[in-house]
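Here the structure is laid out as structure tokens; the discussion comes afterwards.
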Amino acid sequence: MSMNGAVVQANDLTRTYGVGETAVHALQGVSLDIPQGDLTAIMGPSGSGKSTLMHILAGLDKPTAGEVAIAGTPITRLGDSDLTKLRREHIGFVFQFFNLLPMLTAEENVLLPLSIAGEKPDAAFFETLLDNVGLADRRTHRPSELSGGQQQRVAIARALVSRPTVLFADEPTGNLDSTTGHEILVLMRDSVDSYGQTTVMVTHEARAAAIADRILFLADGQIVRDLPGATQHEVLKTLEEIAAA
Ligand code: ADP
């Protein structure tokens with residue numbers, strides 16, 4: 001953790017795709033601090049730079065300029081093996097399309113990050129985790145035998161099993177119907193409230209952003225608003241104001 005309690009810090013990030021006249025300036029000077037124990041939503045219209053920002057914060061992509069620190073360690077100049085180690089220790093990631101391995105059971109998918117690292121879970125913690133995500137009676141099912149919501153629960157448990165410093169979720173409800181999406185949002189909110197899981201979620205859905213403690217709005221690669229939580233209605237109103245600006 002850094003001196004000010006931020007577990008993720010970004011300083012003046014830029015990211016340019018391509019060169020010359022056709023270059024796309026996806027991020028144009030983004031700085032932020034993500035405090036421990038907060039659920040932060042990153043919101044904004046399509047093409048505003050949300051995915052680019054999240055991938056850079058999670059060490060999946062490098063900025064053109066600027067620096068990211070995770071748990072106080074600057075990551076942009078780390079070599080591949082140090083970065084892999086840091087990500088394994090500090091970062092969990094949940095994707096829109098679940099990204100489970102089809103030949104593994106739910107339980108094996110959840111345990112995969114630990115298996116790769118040659119570690120075993122704390123048994124009590126593992127059982128509580130499976131219970132909390134509602135998978136205790138689905139552990140031997142393969143992804144094809146699970147609903148979309150259940151698959152996303154497996155993906156969330158997989159991201160939480162190593163007790164990451166920060167959980168990144170990229171449109172976690174984007175591929176789910178609204179009832180199932182709501183259940184997943186409740187689960188994410190609960191992991192923040194029950195064990196202080198620092199979470200950063202990219203979404204373009206107002207109802208998803210409304211569960212956050214803080215909402216950062218991106219437009220054209222810049223943070224244009226920073227709200228300390230908001231209702232769904234306020235989120236929609238802010239998006240309209242940004243579009244009109
Ligand atoms: P969002 O997640 O908010 O929809 P993105 O971060 O995906 O926004 O994209 C931001 C901008 O960067 C867009 O103009 C997009 O077309 C562009 N972009 C994203 N990825 C690439 C890429 N790999 N190559 C070229 N342009 C890209």
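The values are calculated or read from the model by the stated rules, or taken from the named source; none is laboratory data. In this text, all values refer to a predicted model and were calculated from it rather than measured experimentally. A quick note on method: Cβ atoms are made from the backbone with ideal geometry, for glycine too, and the neighbour counts reach across all protein chains shown. The accessibility values were calculated without ligands, DNA or RNA, using every heavy atom of the protein model including side chains. Shrake-Rupley method; radii C 1.70, N 1.55, O 1.52, S 1.80 Å.
The table below lists the values:
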| read-out | value |
| --- | --- |
| Boolean, ALA26 is at pLDDT 95 or above and more than 9 Å from the ligand (Cβ to nearest atom) | no |
| Some residue of region 107-130 being in a loop (DSSP other than H, G, I, E, B) and either buried (at least 16 other Cβ atoms within 10 Å of the Cβ) or touching a Cys at 6+ places or on another chain (Cβ under 9 Å) (or both) | yes |
| Subset tally (residues that are in a loop (DSSP other than H, G, I, E, B) and more than 9 Å from the ligand (Cβ to nearest atom)) for region 30-59 | 5 |
| Hey, ALA155 surrounded by 15 or more Cβ atoms within 10 Å (Cβ to Cβ) and more than 19 Å from the chain's Cα centre (by Cα) or not | no |
| Complete set of residues in region 60-82 that are away from the ligand (no atom under 16 Å from the Cβ) and either open to solvent by less than 20 Å² (accessible area, probe 1.4 Å) or part of a loop (DSSP other than H, G, I, E, B) (or both) | ALA69, ILE70, ALA71, GLY72, ILE75, THR76, ARG77, LEU78, GLY79 |
| Subset of region 209-243 (residues that are modelled with pLDDT under 95, closer than 29 Å to VAL161 by Cα and among the aliphatic types (A, V, I, L, M)) | none |
| Test: residue in region 207-217 that is more than 15 Å from the ligand (Cβ to nearest atom) and of a type in the set (Asp, Glu) | yes |
| Conditions (1) in contact with a Phe, Trp or Tyr (Cβ under 8 Å, 6 or more places away or on another chain); (2) over 22 Å from LEU135 (Cα atoms); number of the one not met by HIS233 | (1) |
| Region 1-29: number of residues that are part of a loop (DSSP other than H, G, I, E, B) and either open to solvent by 60 Å² or more (accessible area, probe 1.4 Å) or of a type in the set (Lys, Arg) (or both) | 4 |
| Any chance ARG189 is under 18 Å from the mean Cα position of the chain (by Cα) and not acidic (Asp, Glu) | yes |
| All positions within region 133-152 that are more than 22 Å from GLY174 (Cα to Cα) and open to solvent by less than 70 Å² (accessible area, probe 1.4 Å) | ALA136, ARG139, HIS141 |
| Any hit, region 33-44, residues being over 14 Å from the mean Cα position of the chain (by Cα), of a type outside the set (S, T, N, Q) and farther than 23 Å from VAL192 by Cα | no |
| Selection count, region 157-168, where residues are modelled with pLDDT under 95 and aliphatic (A, V, I, L, M) | 4 |
